[in-house]
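> This is the structure, below, for whatever I ask next.
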Amino acid sequence: MVEQFHTLVVRVENKPGVLARVSGLFARRGFNIQSLAVAPTDNELFSRLTIVVDAESAPLDQVVKQLDKLINVVRIQELSQRDSVNRELILATVKLIEGKEDNIMRDIESFDANVLSVGEKKIMVSLSGPPEVIDEFETVLEKYGIVEVQRTGIVALATIAR
Amino acid sequence: MKTNGGKALMDSLEAQGVEIVFGLPGGAILPAYDPLLDSSIRHVLVRHEQGAGHMAEGYAHATGLPGVAIVTSGPAATNMVTPLADAMLDSVPLVCITGQVASGAIGSDAFQECDTTGITMAVTKHNFLVTDASEIPQVIHDAFYIATTGRPGPVLVDIPKDLVDANNPASHFDDYKPSGHDLPGYNPIQDPDPQEVLKAAHLILQSKRPIIYSGGGILKARAADELRELAELLDVHVITTLMNRGGFPDDHPLALGMPGMHGNYTAVTAIQQSDLLITLGARFDDRVTGKVDEFAPDAKVIHADIDPAEFNKVRSANVSIQGDVGHTIIELIKALKQLLENHERPDWSEWKSQISGWKERFPLVYDEWQEGEGLKPQYVIEQLRDNTPDDTIVASGVGQHQMWASQFWKFNHPYTWINSGGLGTMGFAVPAAIGAKAGKPDRMVWAIDGDGCFQMTNQELVTARLEKFPVKIAVLNNGYLGMVRQWQELFYDERYSEVHLQSDLPDYKKLAEAMGCVGIRVESPEEVQPAIDQANEINDRPVVIDFRTEASENVYPMVPAGKSNSDVIVHPSQGNN
Ligand SMILES: Cc1ncc(C[n+]2csc(CCOP(=O)(O)OP(=O)(O)O)c2C)c(N)n1
Ligand SMILES: [Mg+2]
């Protein structure tokens, strides 16, 4: 599933409205965003967006060039699956079904996920990892019944060349 | 030295060399209108903010300088949206200053508050919301820089009322002269990549049926001379899009005129059959390409543009050259001259005689006038063309009259044709003509307008009269939203739906007179030229001529929307092949 998406790491000036400019551009040009994560950088003048773009909706070249025309966009890096590390975080509250408590605990352990909070009928877990692992984990949790789930969307960095 | 936001705004505009601004005051911009009185800047008081925007555009088109408009918040800012969108699509350098409610009131639904930067984000190259008075000199400096460099476009600066209010201590700051720009994300590229230029030169010399497809970028880059030099060096025909009429002289033997939906047969067909499009500052607009998949099917493409986002957007290019198109042409000429030293000149004579054949067989024509008919609009335009100075500036509205003006006028000088191409804004002509006259007071300025368009913005003739801009307006009054009527005739089985305006209301002559202009009505062909002569003699006020034109006249040739350019419909008298 992930292959049809492109990951763009975009350095933007930390100006008011910059997120609206970026999302507005995607909306009016018909580019679909799969996920968008915003974070500060080591330099307070800039922020970093990690945008996963649906490659079906528009040629990547157009997306990049139109983005680049925004005055507040400073640099755009296209990260391919191969040359980058992608991570995502999931938070999920799952039903605790009587008699299946052991199964769910085993599944949580096998993914090395964290248990954050436990109630009588629900359990909250978190896991960070490559998006495909998160997908898999979510599918496993669905068996038990997900009450609530939040995923952060992907953040990515280029792998360090040796 | 201490200054305050309002004074700094005027000083900053003066520092940019601004001599004239178009605007209309109101609450939120009020404090900035006070220091305006002490500045050297001339302010033209419009009757509607849209007028201010289009005047600023007309000024920019005619002079190459950025046009400036100043208006208040809320409804004034929303009235400015159309000119901003127009300037965005036609790459017109524009700086628009809007008042905003006081900083502390932003976000509270205050009186005349609207999210101006939010609303105009999609129709500006960039916009700014000033948050501190001391930013004003830098922001204005940046705004003009962004508007005029790279691909030109509109920039809006939204300034809260308190920041230009001299009575507000927070609007005071130490004056400074901005030096440079802190815009790390904005680095327009001027100079073309020599490798790409060389590739382009090779492609040209390998081609068999080359054509120059030149667009508005030529005028923006002020590269009409370079274009001509290239065309003459290669001896290749030049097509000028609606946005580049005047960018290559129509009286030049290599001129083919306008392509596209209402382009002439030769321009349309030469592109269709070409094997190399030398695309200079043009963007493959859908009104030029028709059905994209069938546009110039055998052509390779050289695409030179300042904006790399245009490359491969509509039509993929074999060679794309980013840079100022003037610089690119100069480099291309050098490369070609060098190659030609050791390269035989390609023989394009067959191709060129094919083009000449089309030109001869399919000139622009229209039916002869018959007794009882309204005036032929094409005849009116020919008479205007032939009875005005060669360098007359023509502004136009949007519709049939616009297409006929582009077709039948002979544009022999750059910056003589001012129209709304990309957005197709009805109502553009009157204010744009006024703006052009403001920028070029010594030139004759005619607007060729439609009756529908004229009714959208004619109130600015009051502005023109009072501010002494003696423009001349030819209303081609066919009593219809003619272009729409034509489509209904041809594609909706003559089912006419809401297109009839009728010619007698308003009474254009009286309307003109009521606005302090001279009004003339022309109903028969022999009155046309005398009326034009009369108008040309009048230099102390605007003139409006109500030309009663034939309602049933259609614009030909025509490529129906979504059809291939190969299916161009010529004038019925030329048959259809
Ligand atoms: C603001 C705006 N509204 C609607 C249109 C759609 N439109 C394009 S041409 C046209 C008719 C223009 O009528 P008129 O000014 O009389 O010119 P004519 O075609 O009759 O020469 C219309 C309604 C437009 N281009 N702009
Ligand atoms: Mg009309």
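Values quoted throughout were computed directly from the atomic coordinates according to the rules given, and no laboratory measurement underlies them. This is a predicted model, so every value here is computed, not measured. Here Cβ is always computed from backbone atoms with ideal geometry, including for glycine, and neighbour counts include all displayed protein chains.
> Taking beta carbons within 10 Å but only from partner chains, what does the mean come to for residues A:64-72?
6
> Another one. Estimate the FRET efficiency between B:Asp507 and B:Glu537 by the formula 1/(1 + (r/R0)^6), using the beta-carbon distance for r and 25 Å for R0, to the nearest 0.05.
0.60
> On to the next question. Quick one: length gained pulling B:Glu350 to B:Glu523 fully straight, 0.36 nm per residue minus the C-alpha distance?
Gain on stretching B:Glu350 to B:Glu523: 57.6 nm.
> Follow-up question, since we're still on this one. Could you please report the charge total around A:Val12, scoring K, R as +1 and D, E as -1 over all other residues with beta-carbon less than 15 angstrom from its beta-carbon?
With Lys, Arg at +1 and Asp, Glu at -1, the net is +1.
> Also, I was wondering about something else. How well do other chains shield peptide B:181-191, expressed as the mean number of their Cβ atoms within 10 Å of each residue Cβ?
4
> Size of region A:85-158 along its principal axes in angstrom, Cα-based, largest extent first?
44, 20, 18
> Net charge around B:Pro431, counting only other residues with Cβ within less than 10 Å of its Cβ (Lys, Arg = +1; Asp, Glu = -1)?
That sum, taken over residues with Cβ under 10 Å, equals -1.
> Compute the relative contact order of region B:2-174 as a whole-number percentage, counting only Cα pairs closer than 8 Å that sit 6 or more residues apart in sequence.
29
> List nothing, just return the count: lysine pairs in region B:371-509, 8 or more apart or interchain, with Cα separation under 20 Å.
Here the count comes out as 12.
> Stokes-Einstein at 10 °C, 1.306 mPa s, Kirkwood radius from Cα pairs: D for region B:194-361 in µm² s⁻¹?
Result for D is 103 µm²/s.
> Of the cross-linked pairs B:Lys220/B:Lys313; B:Lys125/B:Lys359; B:Lys313/B:Lys359, which ones have a Cα-Cα span greater than 28 Å in the structure shown?
Result: B:Lys125/B:Lys359; B:Lys313/B:Lys359 exceed 28 Å.
> Taking the Cα-to-Cβ direction at B:Ile569 and at B:Leu340 and moving 7 Å from each Cα, how far apart do the two end points lie in nm?
Distance between the two pseudo-spin positions: 4.3 nm.
> So for chain B: antiparallel DSSP bridges make up what percent, rounded to the nearest 5?
5
> Got a sec? Charge dipole of the protein assembly as shown, +1 on Cβ for Lys and Arg, -1 for Asp and Glu; which of A:Leu79, B:Ser353, B:Tyr379 is way out at the positive end?
Working it through, the farthest residue towards the positive pole turns out to be A:Leu79.
> If R0 is 30 Å, what FRET efficiency do you get for B:Asp191 and B:Asn318 from their C-beta distance, rounded to 0.05?
Once the sixth-power term is evaluated, E becomes 0.90.
> Further, regarding this structure: How many Å³ per residue does the convex hull of the Cα positions in region B:377-563 occupy?
113
> Can you order the peptides B:243-253, A:151-161, B:491-501 by their average number of other Cβ atoms within 10 Å per residue, highest first?
My ranking of the peptides, most packed first, is B:243-253, A:151-161, B:491-501.
> Residue-wise, which Karplus ³J(HN,Hα) couplings in Hz belong to region B:256-266, taking 6.51 cos²θ - 1.76 cosθ + 1.60, θ = phi - 60°, and x for glycine or proline?
10, x, 8, x, x, 3, 10, x, 7, 4, 5
> Report the convex hull volume per residue for region B:294-354, counting only C-alpha atoms, in Å³.
With only Cα atoms used, region B:294-354 gives 112 Å³ per residue.
> Which residues' amide hydrogens lie under 5 Å from the amide hydrogen of B:Ile97, considering only partners 5 or more residues apart or on another chain, with H built in the peptide plane?
So B:Ile97 has HN proximity to B:Ala69, B:Ile70, B:Val71, B:Val157.
> Quick one: if the Förster radius is 35 Å, what FRET efficiency do B:Leu183 and A:Arg28 give, using the C-beta to C-beta distance and rounding to 0.05?
Efficiency, rounded to the nearest 0.05: 0.95.
> From the C-alpha gyration tensor of chain A, pull out the three semi-axes of the equivalent ellipsoid (sqrt of 5λ each), sorted largest to smallest, in whole Å.
35, 16, 15
> What ranking, highest mean first, results for peptides B:95-101, B:284-290 when packing means the other Cβ atoms within 10 Å averaged over each residue?
Ranked by mean Cβ neighbours within 10 Å, highest first: B:95-101, B:284-290.
> I would also like to ask the following. In whole angstrom, how far apart do the alpha carbon centroids of region B:194-248 and region A:77-151 sit?
60
> Now for a different question. Using θ = phi - 60° and the Karplus relation 6.51 cos²θ - 1.76 cosθ + 1.60, list the HN-Hα couplings for region B:439-449 in order, rounded to whole Hz, with x at every Gly or Pro.
Karplus values, whole Hz, x for Gly and Pro: x, 10, x, 8, 9, 6, 10, 10, 9, 10, 10.
> For chain B, take N as its residue count and report Rg(C-alpha) divided by 2.2 N^0.38 Å.
Relative to the rule-of-thumb radius for its length, chain B sits at 1.00.
> If you don't mind, there's one more thing I want to ask. For region B:2-174, divide the Cα radius of gyration by the Kirkwood radius and give the resulting Rg/Rh value with two decimals.
0.93
> Now for a different question. Percent of alpha carbon pairs in the protein assembly as shown separated by more than 39 Å?
More than 39 Å apart: 45 percent of the Cα pairs in the protein assembly as shown.
> Counting helices only, and only those DSSP H runs with n ≥ 4, report the 222 nm mean residue ellipticity of chain B as the sum of -39,500 (n - 2.57) divided by its residues, in deg cm²/dmol to the nearest 500.
-10500 deg cm²/dmol
> If you don't mind, there's one more thing I want to ask. If all Cα-Cα distances of region B:380-488 are sorted into 5 Å bins from 0 onward, what percent lands in each bin, rounded to whole numbers?
Per 5 Å bin, starting at 0, the Cα pair percentages come out as 2, 13, 25, 25, 20, 10, 3, 1, 0.
> Based on the alpha-carbon set only, what is the convex hull volume of region B:348-432 divided per residue, in Å³?
Taking only Cα atoms, region B:348-432 has a hull volume of 145 Å³ per residue.
> Could you check how many percent of all C-alpha pairs in region B:115-214 are farther apart than 22 Å?
Considering region B:115-214, 52 percent of its Cα-Cα pairs are separated by more than 22 Å.
> So if I average 1/r over every pair of distinct C-alpha atoms in region A:11-67 and take the inverse, what Kirkwood radius in Å does that give?
11.9
> While we're looking at this one, here's another question. Could you derive backbone 3J(HN,Hα) for region B:338-349 from the dihedral phi with the Karplus parameters 6.51, -1.76 and 1.60 (θ = phi - 60°), listing whole Hz in sequence and x where the residue is Gly or Pro?
5, 5, 5, 4, 10, 10, 6, 5, x, 9, 9, 5
> On to the next question. What distance in nm separates the two pseudo spin-label positions at A:Lys100 and B:Asp174, each 7 Å out from Cα along the beta-carbon direction?
7.0
> About its Cα centre, how strong a charge dipole does the protein assembly as shown have in debye, to the nearest 20, once Lys and Arg get +1 and Asp and Glu get -1 at the Cβ?
Dipole of the protein assembly as shown, to the nearest 20 debye: 520 debye.
> Here is a further query. In units of 2.2 N^0.38 Å, what is the alpha-carbon radius of gyration of region B:154-292?
1.54
> Using a cut-off of 14 Å between beta-carbons, work out the net charge of the residues near B:Tyr508 (Lys and Arg +1, Asp and Glu -1, B:Tyr508 not included).
Result for the local shell: -2.
> Another question about this same structure. How crowded by other chains is B:304-313, given as the mean number of beta carbons from other chains within 10 Å of each beta carbon?
Mean shielding by partner chains, rounded to a whole number: 3.
> Another question, then. Can you compute the modelled spin-label distance between A:Ser57 and B:Asn412, with each label point 7 Å from Cα toward Cβ, in nm?
My value for the distance between the label points is 5.3 nm.
> Checking the cross-link filter: which lysines have an alpha carbon closer than 23 Å to that of A:Lys121, excluding same-chain neighbours under 8 positions apart?
Answer for A:Lys121, where 23 Å is the Cα cut-off: A:Lys95, A:Lys100, A:Lys143, listed by chain and number.
> Sort A:23-32, B:57-66, A:98-107 for me by packing, meaning the mean count of neighbouring Cβ atoms within 10 Å per residue, highest on top.
Result, highest mean first: B:57-66, A:23-32, A:98-107.
> Moving to a separate point now. From the helices alone, meaning DSSP H stretches of at least four residues, give me the mean residue ellipticity at 222 nm for chain A, per-run term -39500 (n - 2.57), in deg cm²/dmol to the nearest 500.
-8000 deg cm²/dmol, from helical runs alone.
> Related question: Between B:Ala105 and B:Asp391, what length in nm is gained on full extension when 0.36 nm per residue of separation is reduced by their alpha carbon distance?
97.9 nm is the gain from fully extending B:Ala105 to B:Asp391.
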